[in-house]
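Step one of this worksheet: look at the structure below.
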Amino acid sequence: MDPEYRDRAVYLDGTLVLADTHFGKGEASTVEFPIGAGEDCVGRLEELLDRFDPEEVVFAGDVFHSFDYVPDSAEAALSGVRRAVREAGARLVVVEGNHDTMLDAAYSGELHDEYELDTDGDETVVVTHGHEEPDTPADAYVVGHDHPAIEIEGQKRPCFLVGDGAYRRSDVLVVPSFNRLVEGVSVNGRVGTARPELSPVVTGVSQYRPVVFDAESEETLRFPPLGQFSRML
């Protein structure tokens, strides 16, 4: 697996993967910034589509935020996503997350629990949301669910987590929330703690390496494993 990181998404062998858009989160929160969160996600997706020209776009779960209703803004954002992907000539693949109990009310396409990517090599790569253990054997898993972020010099940044052989000897790549309204769960201090709400796929977190895409410099910043790096922070 040779990922290319940009914004809060990852590009793998012709496929763009992003997770946890949580459309409609603003309506379910007391935060005063909710207006435009869906439009922001769609606009940034369009930029990624222009850059990578992927064959497929895979949403790795938690497309919606609310468990029991679909806000107009969430439905509008999903429509924007479908339009953007269609106009880019790509295929949209949607993997369900634990928040997506109402997704089939607004999305008529096929929904997946897990989705195997069509990669260039012999490696089997499966995208799943990550709230449950996967059923499909794979060499590597791409998951969301955890919304990882890291605090460096007082600044909290969304981050990817890379675990080589971390889940039953399979590689794991954790993708941050694509929605900038989602603050993210800090991985600082997580080493050695038990957090039952975290993905069961993300075990032995001390071996995971944080990766940050810096938008200003357009650089991908790779850090040592958390077990080592957390002592430096």
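The values are calculated or read from the model by the stated rules, or taken from the named source; none is laboratory data. This is a predicted model, so every value here is computed, not measured. We place every Cβ from the backbone using ideal geometry, glycine too, and count neighbours over all the protein chains shown. Only protein heavy atoms, including side chains, enter the accessible area calculation; ligands, DNA and RNA are left aside. Shrake-Rupley method; radii C 1.70, N 1.55, O 1.52, S 1.80 Å.
Potential lengthening of the chain between Glu110 and Glu133 amounts to 6.2 nm, from the contour at 0.36 nm per residue minus the alpha-carbon distance.
Of the residues Glu56, Glu153, ranked by 1.4 Å probe accessible area with the largest first, the sequence reads Glu153, Glu56.
Note on Tyr167: accessible area approximately 10 square angstrom, rounded to 10, probe 1.4 Å, nucleic acids and ligands left out. Length available on full extension from Ala76 to Leu221: 0.36 nm per residue minus the Cα-Cα distance, which gives 48.8 nm. Over all distinct Cα pairs, what is the inverse of the mean 1/r for region 118-209, reported as the Kirkwood hydrodynamic radius in Å? About 13.7 Å, per the Kirkwood formula over Cα pairs. For His112, the residues 5 or more places off, or on other chains, whose built amide H falls under 5 Å of its own are Val94, Val95, Glu96. Using 0.36 nm per residue and subtracting the Cα-Cα separation, the extra length available between Asn188 and Ile152 on full extension is 12.1 nm. Distance between the modelled labels on Asn98 and Asp2, one decimal in nanometres: 3.6 nm (7 Å Cα→Cβ projection).
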